[in-house]
């Protein structure tokens, strides 16, 4: 089924993770993503459709994996999502960043924060002080230790999924797991 037993998640899903759905769901889908990656941008609506299709059977977890060498705004965007989490707005910022991934410079990040009701000055201060840099690095290193070699990288129930991640392929894999 295109799983790599060689690459289990190095860090199990835990209270530090950003998740949507029940942590006790039958399927846990972990994505290591980069907000500036065009492939992650393509995967974003597919994941949303998976969440709709499987409802409470699916728990979705997002972990930061900014490819800073090729995406100049990826790290700051990841930090912006983490800062937004301080205000209970992680998922809103996550969605905004993917929906506007061609505009991830500081003025746009500030605008997104304001649009979400986050004080822009506080937000920028936290970004400038790199308050969330360690959190982003921790996610990144857990990805490296788990065998992530590009984005998006998906793990289903703790194992790296190396198959195609178009909607139909992912849907079939999850259906098959649920059937067992």
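Taking the residues in region 130-180 that are within 14 Å of the chain's Cα centre (by Cα) and either at pLDDT below 95 or in a loop (DSSP other than H, G, I, E, B) (or both) as candidates, determine which candidate is farthest from residue 110 (Cα to Cα). Restricting to residues being within 14 Å of the chain's Cα centre (by Cα) and either at pLDDT below 95 or in a loop (DSSP other than H, G, I, E, B) (or both), the top hit is 148.
All told, residue 51 falls short of being at pLDDT 95 or above, crowded, with 18+ Cβ neighbours inside 10 Å and under 20 Å from residue 166 (Cα atoms). Taken as a whole, region 66-80 holds at least one residue that is surrounded by 19 or more Cβ atoms within 10 Å (Cβ to Cβ), touching a helix residue (DSSP H, G or I) at 6+ places or on another chain (Cβ under 7 Å), assigned to a loop (DSSP other than H, G, I, E, B) and at pLDDT 95 or above. Is it the case that residue 86 is under 20 Å from residue 14 (Cβ atoms), surrounded by fewer than 21 Cβ atoms within 10 Å (Cβ to Cβ), modelled with pLDDT of 95 or more and within 18 Å of the chain's Cα centre (by Cα)? Yes; evaluated as a whole, the condition is true for this residue.
Here is the figure for region 111-129: residues that are within 24 Å of residue 19 (Cα to Cα) and either touching a helix residue (DSSP H, G or I) at 6+ places or on another chain (Cβ under 7 Å) or assigned to a helix (DSSP H, G or I) (or both) total 9. The residue that is surrounded by the most Cβ atoms within 10 Å (Cβ to Cβ), among those in region 130-162 that are over 24 Å from residue 70 (Cα atoms) and either touching a helix residue (DSSP H, G or I) at 6+ places or on another chain (Cβ under 8 Å) or free of Cβ contacts under 8 Å to residues at least 60 places away in the same chain (or both), is 156. Looking at region 49-65 only, could you name the residues that are within 19 Å of residue 96 (Cα to Cα) and out of contact with any strand residue (DSSP E or B) (no Cβ under 9 Å at 6 or more places or on another chain)? 49, 52 - these are the residues of region 49-65 that are within 19 Å of residue 96 (Cα to Cα) and out of contact with any strand residue (DSSP E or B) (no Cβ under 9 Å at 6 or more places or on another chain). Selection of region 1-36 for residues being crowded, with 16+ Cβ neighbours inside 10 Å, in contact with a helix residue (DSSP H, G or I) (Cβ under 7 Å, 6 or more places away or on another chain), in contact (Cβ under 8 Å) with a residue 60 or more places away in the chain and part of a loop (DSSP other than H, G, I, E, B) yields 11, 34, 35, 36.
The values are calculated or read from the model by the stated rules, or taken from the named source; none is laboratory data. Here the structure is a predicted model, which is why all the values come from computation and not from measurement. Don't worry about glycine lacking a Cβ; one is built from the backbone with ideal geometry, like all the others, and counts go over all protein chains shown.
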